[in-house]
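K.L.:
A single structure is presented below for examination.
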Amino acid sequence: MRFVIIAGTPSSGKTSVMIHTIRHLLASNLSVAACKIDCLHTSDDERYRRLGIPVAVGLSDYICPDHFYVANLEEVECWAREQRADIVVLETAGLCHRCAPAVHGCLSVCVIDCLIGIDTPKKIGPMLSTADSVVITKCDIVSQAEREVFHNMVETVNPQAKIMDINGLTGQGAITLKNEIVRYNSLEGISGKELKYPMPAAICSYCSGETVIGKTYQMGNVKKVDFGGEN
Amino acid sequence: MLEQITVLGGLDKKGSPERIRSLDIKAGEVLAVIGPTGSGKTQLISDIEQYGEEETLTGRRIVIKNQQDTGKDKDLPRYLVAQVSQNMNFLIDMTIEEFLLMHARVRAIPDPRETINNVLETTNQLSGEPVHLSTNLTQLSGGQSRALMVADVALVSNAPIVLIDEIENAGINRLQALEILTGQGKIVLVVSHDPTLILMAEKRVVMKEGGMESVLQTTPEEQKMLEGLLRSEKQINLLRDYLREGRLLWQEFWCTVR
């Protein structure tokens, strides 16, 4: 079974890109299972379900969605194997840019749109720089020149990745991602595999439900802004 | 330098082999892609863009002939097809100068100053009110933006194939735009419903139900008709200019301009 991890900035078109790509995979007689991780609510599972494939949803609720995601990788793998999937697509929540979901042995795809600004690729960090494939969406509404400059910015942040343009509305370009998935190695088992980039530490009073502002309410791993100047 | 691309036929929407099995397009040539909406024009362009893939939806294959054929992928440009379409916008908040310099740097243009001056000159040939290097991209009108895109694609982007997608309503001199692009030795694909643009192409591929149905060479008779079309186009342009300048037309206008 091939394990595909989808990350990306909010509203970049992760689900739309994957729906088109999965259609191509299904047309090649490959079986696909999809799992969507989100925080409080998602309707993306409905869109996956319309493809007639097994779909699972994981809502992290009061836990950081990326930590929740890592803690559930074995379970997702197990579920997908029960579905006899050739390919499992795991779509992450795509919220904070500090975490990178990429795991060695899994094909990690980062979806970004070229409307986010030319300098933004530099700000995205490990989610973009550790991806195996980078999908750029919404290219049809910016000038060719901006498209080329944006491409170059992405390449500077992640020179190894295969970069592809996909139109999430029409599906143009999705066959390239499909071929990339098909070419990718099968995963023997996810247990023992490593994250490409560590997740941030966060064990403080707010993690366990504290809501009041102020030093006296803060315990555990607390970091303060360095405003420079004296001290 | 790209010399020629060949599209080897695949399957149409019904899964039967399309009628045209092989279509050659040479550098400097203009090919019109025509057919009703939904007939597969965009898919054809998409197949050409994804020339590196061994498998496509339509089963078409794209063969590229380079002047110095080393057979290596890295010698091919990143973008085989550069596009100018009606839906495209400049979103970046920068002056024309800053942006062109940035694009020229990305493209490793040896003399960026000279190039951006040429881009500006070409832009102003194509559109109405002149723009300046200090003009902000987001202030450009639709026509000015399109003119700058054409000039940039012709002089800065390195894609050897240019796709012009239904720009007949863009408010720029589209016939001159076509000349500028082909003048750079590029292959120009024109998706259009405009008879003048279609006839300005040496040949046209007619799409039907997802397949390439026929390839027609523009006949000498059609070229004569094109001259007539261009003449009336000139008259309409003149008429437009008169109105734009705030002048009144008079009854014998046509007789005078003829």
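The values are calculated or read from the model by the stated rules, or taken from the named source; none is laboratory data. Keep in mind it's a predicted model, so treat the numbers as computed, not measured. Ideal geometry is used to build each Cβ from the backbone, glycine not excepted, and the neighbour counts take in all protein chains shown. We work out accessible area using only protein heavy atoms, side chains counted, and drop any ligands, DNA or RNA first. Shrake-Rupley method; radii C 1.70, N 1.55, O 1.52, S 1.80 Å.
K.L.:
Could you pull the accessible area for B:T95 with a 1.4 Å probe, rounded to 10 Å²?
P.N.:
30
K.L.:
In deg cm²/dmol, rounded to 500, what helix-only [θ] at 222 nm does chain A give when every DSSP H run of at least 4 residues adds -39500 (n - 2.57) and the total is split over its residues? If you can, show how the numbers build up before the last one.
P.N.:
Working: 8 runs with 70 residues, N = 231.
Calculated mean residue ellipticity at 222 nm is -8500 deg cm²/dmol.
K.L.:
Test of understanding: express the Cα radius of gyration of chain B as a ratio to 2.2 N^0.38 Å, with N the residue count. Display every interim value, and only then the final one.
P.N.:
Numbers: Rg = 19.9 Å, N = 258, 2.2 N^0.38 = 18.1 Å.
Taking N as the residue count of chain B, the ratio is 1.10.
K.L.:
Near the amide H of A:G168, under 5 Å away, which other amide H atoms are found, from residues 5 or more places off or on another chain, if H is placed in the peptide plane?
P.N.:
It is A:K138, by chain and number.
K.L.:
Have a look at segment A:1-46 and give its Rg and Dmax from the Cα atoms, expressed in angstrom.
P.N.:
Gyration radius and largest Cα-Cα distance of segment A:1-46: 11.5, 34 Å.
K.L.:
Which ³J(HN,Hα) values, rounded to whole Hz and listed in residue order, are derived for segment B:159-165 from phi using the Karplus coefficients 6.51, -1.76 and 1.60 in 6.51 cos²θ - 1.76 cosθ + 1.60 with θ = phi - 60°, glycine and proline given as x?
P.N.:
For segment B:159-165, the Karplus-derived couplings read 4, x, 10, 10, 10, 10, 10 Hz, x marking Gly and Pro.
K.L.:
What share of the DSSP beta bridges in chain B is antiparallel, in percent to the nearest 5? Intermediate results must be reported in sequence, preceding the final value.
P.N.:
On the way: 19 of 37 bridges.
Taking every DSSP beta bridge with both residues in chain B, the antiparallel ones total about 50 percent.
K.L.:
Another one. What order do B:I164, B:I64 take when sorted by accessible area (1.4 Å probe), most exposed first?
P.N.:
Final ranking, largest accessible area leading: B:I64, B:I164.
K.L.:
Show me, for segment B:45-51, the HN-Hα J-couplings you get by feeding each phi into the Karplus relation (A = 6.51, B = -1.76, C = 1.60, θ = phi - 60°), rounded to Hz, glycine and proline as x.
P.N.:
Result, rounded to whole Hz: 5, 4, 4, 5, 4, 9, 4.
K.L.:
Keeping all protein chains in position, work out how much accessible area A:L26 exposes to a 1.4 Å probe, and write it in Å² to the nearest 10.
P.N.:
60
K.L.:
May I pose another question? Quick one: which residues, 5 or more positions from B:Y51 or on another chain, have an amide H under 5 Å from its amide H? H modelled 1.01 Å from N in the peptide plane, none for Pro or chain starts.
P.N.:
Here nothing satisfies the definition.
K.L.:
Quick one: which of B:K13/B:K65; A:K138/B:K186; B:K41/B:K234; B:K13/B:K203; B:K203/B:K224 span more than 19 angstrom between C-alpha atoms?
P.N.:
Over 19 Å apart, Cα to Cα: B:K13/B:K65; A:K138/B:K186; B:K41/B:K234; B:K13/B:K203.
K.L.:
Now a separate question. Show me, for segment B:187-193, the HN-Hα J-couplings you get by feeding each phi into the Karplus relation (A = 6.51, B = -1.76, C = 1.60, θ = phi - 60°), rounded to Hz, glycine and proline as x.
P.N.:
7, 10, 9, 10, 8, 7, 10
K.L.:
Could you pull the accessible area for B:M225 with a 1.4 Å probe, rounded to 10 Å²?
P.N.:
Number for this one is 120 Å².
K.L.:
State which stretch of chain A is the longest one without any exposed GluC sites (Glu not before Pro), exposure meaning a DSSP loop state and at most 10 other Cβ atoms within 10 Å.
P.N.:
A:1-187
K.L.:
Can you compute the charge dipole magnitude of the protein assembly as shown about its Cα centre, using +1 on each Lys and Arg Cβ and -1 on each Asp and Glu Cβ, nothing else charged? Give it in debye, rounded to the nearest 20.
P.N.:
Numbers: 50 positive and 62 negative charges, 95 e Å.
It works out to roughly 460 debye.
K.L.:
Whole angstrom only: what separates the Cα centroid of segment B:96-138 from the Cα centroid of segment B:205-253?
P.N.:
If we compute the Cα centre of each part, the gap is 30 Å.
K.L.:
Here is a follow-up. Consider all pairwise Cα distances in the protein assembly as shown and report the whole-number % of them above 29 Å. Walk me through the numbers on the way to the answer.
P.N.:
On the way: 68970 of 119316 pairs.
Across the protein assembly as shown, Cα pairs with separations above 29 Å total 58 percent.
K.L.:
Taking N as the number of residues in segment A:2-199, what is its alpha-carbon radius of gyration divided by 2.2 N^0.38 Å? If you can, show how the numbers build up before the last one.
P.N.:
Numbers: Rg = 15.6 Å, N = 198, 2.2 N^0.38 = 16.4 Å.
In units of the 2.2 N^0.38 Å rule of thumb, it is 0.95.
K.L.:
Please give the contour-minus-distance gain from B:S141 to B:S22: 0.36 nm per residue of separation, less the Cα-Cα distance, rounded to one decimal in nm.
P.N.:
Details: separation 119, 0.36 × 119 = 42.84 nm, distance 4.08 nm.
Answer, rounded to one decimal: 38.8 nm.
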